[in-house]
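The values are calculated or read from the model by the stated rules, or taken from the named source; none is laboratory data. Note that the structure is predicted; figures quoted are calculated from it, not measured. Positions of Cβ are backbone-derived with ideal geometry, glycine not excepted, and every protein chain shown enters the neighbour counts.
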């Protein structure tokens, strides 16, 4: 248990000036201040710093974006778009917060579990 907690509290860091292309999978947290092009997934938190950028596909439990994102984004719990971020791509998340100044071009689907229920069935469930 201690090792699992340690993994979730530590960060894998891609520093400014670093460019990575390919796939990156981890159960720990990730901070990107450099450039990543490809598929990135974590069971933890993904932070993209103000100078960071990601192109491709993102999957994470929680996200906080300050940099440039050109990707399909899937966040299990909460995504925070900070004032300095630009996101181009579709977002699927349970909860989202967007600061004034953030730029978002794409579609957002929130709470994907409910989105699978057709509208006519939702009306029937609300009447119960």
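Points to keep in mind about this one:
- If you go through the range 62-85 and keep only what is in a strand (DSSP E or B) and either surrounded by fewer than 17 Cβ atoms within 10 Å (Cβ to Cβ) or touching a helix residue (DSSP H, G or I) at 6+ places or on another chain (Cβ under 9 Å) (or both), you end up with 70, 72, 74, 76, 77, 78.
- Verdict on residue 39 being modelled with pLDDT of 95 or more, part of a strand (DSSP E or B) and within 9 Å of the chain's Cα centre (by Cα): no
- When 89, 34, 44 are screened for being touching a strand residue (DSSP E or B) at 6+ places or on another chain (Cβ under 7 Å), in contact (Cβ under 8 Å) with a residue 24 or more places away in the chain and crowded, with 18+ Cβ neighbours inside 10 Å, only 44 passes.
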